[in-house]
Structure formats: structure tokens, C-alpha cells
């Protein structure tokens, strides 16, 4: 009997026991489905994150008074810091940690930091999820207000579509002027966004004169850059700032290769401004433009590892189930095996038949799990508005692993079947 004959006979037996095959395939598919589903969803989220933070200004870093806190299910905190250790966080109450960056500190840093080819900007977060309206139209409550200076646009990767940037006088006095994102302009001035220039709009019930409309630089599910209002930071300071308000300092480096040197220089410049002693830890954090994205991707990596563990455990259970079903098949077909041997089939032919059968069932489970996992996982891609994702590396790995699982699960049943005595097998009832 050739391998082709063994394979055809195995396929015939697989089709002949539809219920048993279906149950085994479902068990095998569950582990692969969970793995491919979560890996696909993670890839979609990673693509969206990469898209989100590619919209931020390139070659930039920011200085903030506290580290970013990023949690998945109450897990670890993430974020990049400027040399702070876990030990220093335990001394937070004794040190100067938690001190907000004041207006005077931010302004002094901007004046003193003179790294070659670097632009420094001061910004302040205003209210979020607000409504912006004209006399005729209004936006959804999903617009965010930011206060910035003359360098805010360039540092954050924005460009002007219509209008002009802030003047020094507008920044200094905090006038009620603003630049609006393309999404806001399209919503309020759908006929012709250019008509927004010099129009007066109501931002959270406060009148502002529009001086510019921004180019759409792309958005994602994690960060929408078109539904924004940008006004001088002194305006936000005047309207919304309190004693607990912290200013954000951002800088753009002319050459990406000088980023590490520039951040080190920034730390050295800011420490005296914060009145830190040489022996004291820095009580501020420096984030590079992609640090939060990298932190989120690291957290997603932990989720991926956990998924692999779950899938591995599921596949072990599936292998045990497949082995038991194959042993049942050996008992059911004992007389058939005896007849085959009596007609000339060798022990090798019988082993091949059962091994092929086990691997076929395992691969069918892999195929079902892969297809279902990719389809369901890409629902996340649809929600995050990213392209269709196929984790080819994991697909190939799943096929390989399932082949091995099927082979291992079928070894003992195949060996047991091949060792049956044909005379005893023919008498089996």
C-alpha cells in the first residue's frame, strides 16, 4: 500500500465519522482560534498605535512633572523616565516629586535652553470633549482644547491650510484667538472651510476669533488630530489654570541622531530651574515622541505572551482528546485492521493510516481556528479603522504546531493498531 492509498483511506475514515471528527476539530480549533484572534487584534491595535503617534511631531521630546501611567487591567505602570528608579519612587514623599511645572519654570527653560537646531514650545491642556458652535451649526461634544505658542504647530506636526500662526502679542496677552482642526472646520463651515478665517465661534460658550484652519494630518481610533482647538497657552492659563495646573514643555531636535544628547542637555538645563541639588533625583520626566507608543506596545506584548500560554494549554488538552478519540477508533476498527493485515497490509501501512488520520483532523482544526480567528480579530481592525490584518508568521506557526500535535497524538494509537495480531483482530467482536 502506497502513502497515497493510506492518505485516501484516512480521509475516507475522517469523512465517515462526521460527528466524532467535528467534535475533535472544534476542540483543536478553540486553542488556535484564541491565539489567532488575540494576535490579530493586537496587530490591528499596534498598527493603530503606530498611526496615532506617527501623527505627532518627529524628533520631539517633552518634559512633564510626572510619569505617564498606562494600565491594562490594573497591571503595571508604563512610561519612559529620565533616569528615575523604583527606589526613587519610594522616596517620593521625601523628595520633590509631584511638583507641577509652573509657568515661570517653563518660560525660564525656554529662554535658557539653547541646544543647536532645537525649537522649544510651551503648551497647556485645556478642556476636553466640548462643543464648538457658530450661530448655525455645532460640533459633537468631542473637541479638545490645547494652548500653545508659536512653535506648537511645528513641534506637534501640524501645518496651516488657511490663515496664519499666533503673533508674539497674542501669545503674551492670551487673546481669544484660535486655530481650528480640519474636522471642526468641516463641521462648522462645510460649504467652504476657508470662510472660517476671521469668523467668531463659541468654544465652550466663550467667543474666539478663528485665525487659521489646520491641515488634516491623519487620525486613528486612539488619537484624533482634526477635532482640536488651539489657542495661545496664556489664554488657557487665564481661563482654566489653577494652582495644580502643570505646563508641558516640548522641544523639536533638528537631527534625530542628536536626540539623546538633546534630552540629556534638557535635563541638565531644567534641574537648576527646579532647584535640585546635585545629589537629588530629577523630579521630572522626559518623554520622547514615541515613548508612550513603545510603552503601549510593550504592554500588548505581555498580552500576546499570555495568549500563547493559554493556547498552549488548550492544545495540550486537544492533543489528549485527539489521542483518546484515535484509541476509540482503533478499538472500533480492530476487525478492519485484522482484515487489512490478512490481505497483505504491513504494520507500517496501518501506522501511516492512523497517523495521517490524526494529522488530517488536527490540520482541519487549525484551518477552522485560523479562519475564524482572523475574521473575528479583524473586527477590531474595522473598529480601529486600520487595514485588514493577517498575522502570517503565527498562521504558519499554527499549522506547524497542529501538525506536530496531530502526529504526537496519533503515535500511540497508530503503534497500538500496527501491533494487533491479524488472527486475534479478526475474531474481535
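Data overview
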| read-out | value |
| --- | --- |
| Conditions (1) surrounded by fewer than 21 Cβ atoms within 10 Å (Cβ to Cβ); (2) touching a strand residue (DSSP E or B) at 6+ places or on another chain (Cβ under 9 Å); (3) outside any loop (DSSP other than H, G, I, E, B); number of the one not met by residue 127 | (3) |
| Subset of the range 116-148 (residues that are out of contact with any helix residue (DSSP H, G or I) (no Cβ under 7 Å at 6 or more places or on another chain) and more than 19 Å from residue 237 (Cα to Cα)) | 116, 117, 131, 133, 135, 136, 138, 140, 141, 142 |
| Matching residues in the range 145-162 - criterion: being under 23 Å from residue 252 (Cα atoms) and in a strand (DSSP E or B) | 145, 146, 147, 148, 160, 161 |
| Residue list for the range 360-394, restricted to those being under 28 Å from residue 13 (Cβ atoms) and either surrounded by fewer than 20 Cβ atoms within 10 Å (Cβ to Cβ) or over 22 Å from the mean Cα position of the chain (by Cα) (or both) | 360, 361, 362, 363, 364, 365, 366, 367, 368, 369, 371, 372 |
| Candidates 133, 144, 165, filtered to the one that is under 29 Å from the mean Cα position of the chain (by Cα), surrounded by fewer than 21 Cβ atoms within 10 Å (Cβ to Cβ) and touching a residue at least 12 places away in the same chain (Cβ under 8 Å) | 144 |
| Residue identified as over 30 Å from the mean Cα position of the chain (by Cα), surrounded by 20 or more Cβ atoms within 10 Å (Cβ to Cβ) and not in a helix (DSSP H, G or I) among 229, 211 | 211 |
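Values in this text are rule-based calculations from the coordinates and carry no lab data. Keep in mind that what you see is a predicted model, and the values were worked out from it rather than measured. Cβ coordinates were reconstructed from backbone atoms using ideal geometry, including for glycine residues, and neighbour counts include every protein chain displayed.
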